[in-house]
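Asks: Supplied in structure tokens, the structure appears directly below.
What follows draws every value from the coordinates through simple rules; no lab data is involved. Remember, predicted model here, so these are calculated numbers, not experimental data. A quick note on method: Cβ atoms are made from the backbone with ideal geometry, for glycine too, and the neighbour counts reach across all protein chains shown.
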């Protein structure tokens, strides 16, 4: 378990340190990050140096979006 957490610590935002360390979860997280990054690039949503204001409703999807954006920022 400690080895799995050590891998996650170097690879992701601290928000994900308490998440499951399963291969399936990591694949899903990386796929969502890849798709989010691709959409941001494809639609020119942000330019270098710009700041975003993100409004969240507090639901599961909002929390998921926040986690993805924080992880993208982390990278």
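Asks: Compute the length gained on full extension between residue 60 and residue 73: take 0.36 nm times their separation in residues and subtract their Cα-Cα distance, giving the result in nm to one decimal.
Replies: Gain in length upon complete extension: 2.7 nm.
Asks: R0 = 25 Å: FRET efficiency of residue 18 with residue 44, Cβ-based, nearest 0.05?
Replies: So the FRET efficiency works out to roughly 0.15.
Asks: Would you mind calculating the gained length between residue 35 and residue 53 on full extension (0.36 nm times residue separation, minus the Cα-Cα distance), in nm to one decimal? Display every interim value, and only then the final one.
Replies: Values: separation 18, 0.36 × 18 = 6.48 nm, distance 2.04 nm.
Value of the extension gain: 4.4 nm.
Asks: Fewest Cβ neighbours within 10 Å first, please rank 29, 34 accordingly. List each step's numbers first, then the result.
Replies: On the way: 29 19, 34 10.
Fewest to most other Cβ atoms nearby, the residues stand as 34, 29.
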